[in-house]
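Reading through the structure tokens given below for one structure.
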Amino acid sequence: MPNNTIILGAGIAGISAGYHLKQKEIASTIYEKDSDWGGLCGFFEIDGFRFDRFVHFSFAPDENDQKLFAGQIGMYEHIPFPSNYYHGYWLRHPAQNNLAPLPAEEKVSVIADFVNRPQKDVAEIKSYGEWLRVQYGNYFAEHFPFVYTRKYWGVEASELETKWVSVRMYTPDIKQVLRGSYTTQNECFYFAQTMKYPKQGGFRSILNTCREGLDIRLNKKVIKISPQTKEIYFADGTTETYERLISTLPLPEIIKMLPDVPQDVIAATNELHWTCGYQVSLGFNRPDIAKYLWFYIYDEDILSARVYSPNLKSPDNAPEGCSSLQAEIFFDCKATIPSDSEVLNNTIQKLQEMKVFAPEDLIVKDIRFEPYANITFVPSIYEKRQIVLDYLNSLGIESIGRFGKWDYKWTHQAFADGKELAV
Ligand SMILES: Cc1cc2nc3c(=O)[nH]c(=O)nc-3n(C[C@H](O)[C@H](O)[C@H](O)COP(=O)(O)OP(=O)(O)OC[C@H]3O[C@@H](n4cnc5c(N)ncnc54)[C@H](O)[C@@H]3O)c2cc1C
């Protein structure tokens, strides 16, 4: 097999590209900057606790993908019943369908504003902020998703457009809202009815079958690309030549590596927005700390937007008799980011105040930073990313994956990008 195809990045998109090309008898070499493969599907271990790089479940709709991801290990299937923490109250998800624990006055405010919500044709709605007011009414919009948007996206809801929302947000009807304000609803309203997770080895195990036999070179950070001479330069001083180049690198990163980029492409790149984020990972010396697979937090003095439990995803993620949590804290890429210790201390202190755990339960604490988490859907995104993608295309660089296509892709969608290349 000729081997002149180079893939940059060993996340799910890069592994998928390598795997699907191999199925077509096309060899490739994958170069990865980190010391391990998997990208955002990867994990790390501390004292027998395994933590993924953010929450991660699989809800791939394609049956062949499901079989491939399950591999020899098999998957747990969880029914998603996340929770919501709001000013001392725990509400089932979605919060508007489960108002029962709230004080009467607050339920009245939510329901009255839901009934009197602004009426507008969805097609005419321009911003996510307006979309939220039209779907949920002002009180709920302002107290729940507006606050969560600030914490998860690092911007105001009014600064986002709406195409990305799709199935991600549930729109209730009045009967559901009323029923949920009197009693606990047992119906699962989540956009996926089951969330799959490998029984062993962390989320990355979904790639075990695909990565077998692939040529993955680790600790190979690309620093420069010359499309004219078809050369790649690495931080360790080595160089490789390619005939075909597939990149899963974030658009703002690859643009910095190219010579003589036109001004309009640089300007478009500078207008791309994304979030970066911390993972605060905590291990406990008792089995019963985690009560929910994950929960959202709406209080703004608590930096963490969402907290999930690795050991509830799979008991294989924690030593016997122990449990674990990982909190996710996000910021806009252009914001001033608080220090590691500030975020770690706030997360630990606030989770204790929420009575999630007591100081003597905690045996492992860790904080890590991811420079790229989510693509932010500001109104200019579609036009600007197209300018960048057209430019890469003109250089013969095939850009795929969440940050390579600059899209809100779940893992199976980043995987599909790699599959499409080999068709
Ligand atoms: C908070 C959060 C929660 C998520 N939850 C889910 C979920 O529950 N389910 C789901 O399906 N999806 C989820 N996702 C999305 C999922 O993580 C992504 O769709 C997927 O992992 C993207 O894969 P990728 O290969 O495109 O990118 P990445 O995983 O980022 O891979 C890119 C690779 O390129 C490498 N790289 C970067 N720069 C260089 C360089 N200069 N030289 C060499 N290598 C380099 C990186 O180290 C990385 O390994 C979540 C994402 C986030 C942020």
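Couple of notes before you dig in:
- Equivalent-ellipsoid semi-axes of the range 83-182, from the Cα gyration tensor, Å, largest first: 22, 16, 11
- Of interest is the spacing of the C-alpha centroids, which for the range 331-399 and the range 270-300 amounts to 11 Å.
- A simple spin-label model places pseudo-atoms 7 Å from Cα toward Cβ; at E187 and K291 they are separated by 2.5 nm.
- Charge sum, other residues only, whose C-beta stays under 11 Å from K22's C-beta, Lys/Arg counted +1 and Asp/Glu -1: -1
- Ordered from longest to shortest, the equivalent ellipsoid semi-axes for the range 7-67 are 24, 18, 8 Å, each the square root of 5 times a Cα gyration tensor eigenvalue.
- Couplings 3J(HN,Hα) for the range 221-236, derived from phi with the Karplus relation 6.51 cos²θ - 1.76 cosθ + 1.60 (θ = phi - 60°), are 7, 6, 10, 8, 10, 10, x, 5, 9, 6, 10, 10, 10, 10, 5, 7 Hz, where x marks Gly and Pro.
- Farthest toward the positive end of the dipole of the chain, out of T241, A414, I6, is the Cα of A414, where the dipole comes from beta carbon charges about the Cα centre.
- Least to most buried among L293, L303 (fewest other Cβ within 10 Å first): L293, L303
- Cβ crowding within 10 Å averaged over residues, with 147-156, 39-48, 359-368 ranked highest first: 147-156, 39-48, 359-368
- Working from label points 7 Å from Cα in the Cα-to-Cβ sense, the T241 to E360 distance is 6.8 nm.
- Magnitude of the charge dipole, the range 38-115, Cβ model with Lys/Arg +1 and Asp/Glu -1, debye to 20: 100 debye
- Estimated dipole of the chain in Debye, rounded to 20 [Cβ of Lys and Arg +1, of Asp and Glu -1, Cα centre]: 540 debye
- Dipole axis of the range 282-423 (+1 Lys, Arg; -1 Asp, Glu on Cβ), positive-most option in F403, L362, Q386: Q386
- If you wrap the Cα atoms of the chain in a convex hull and average its projected area over all directions, you get 21.3 nm².
- The helix-based estimate of mean residue ellipticity at 222 nm for the chain, built from -39,500 (n - 2.57) per DSSP H run of four or more residues and divided by its residue count, is -8500 deg cm²/dmol to the nearest 500.
- Relative contact order [Cα under 8 Å, 6+ residues apart], the chain, whole percent: 25 percent
- Given +1 at the Cβ of Lys and Arg, -1 at the Cβ of Asp and Glu and no other charges, the dipole of the range 83-182 around its Cα centre is 320 debye to the nearest 20.
No lab work stands behind these numbers, since they all come straight from the coordinates. This structure is a prediction, so every number in the text was calculated from the model and none was measured. Methodologically, a virtual Cβ is constructed for each residue, glycine included, from the backbone with ideal geometry; neighbour enumeration extends over all protein chains shown.
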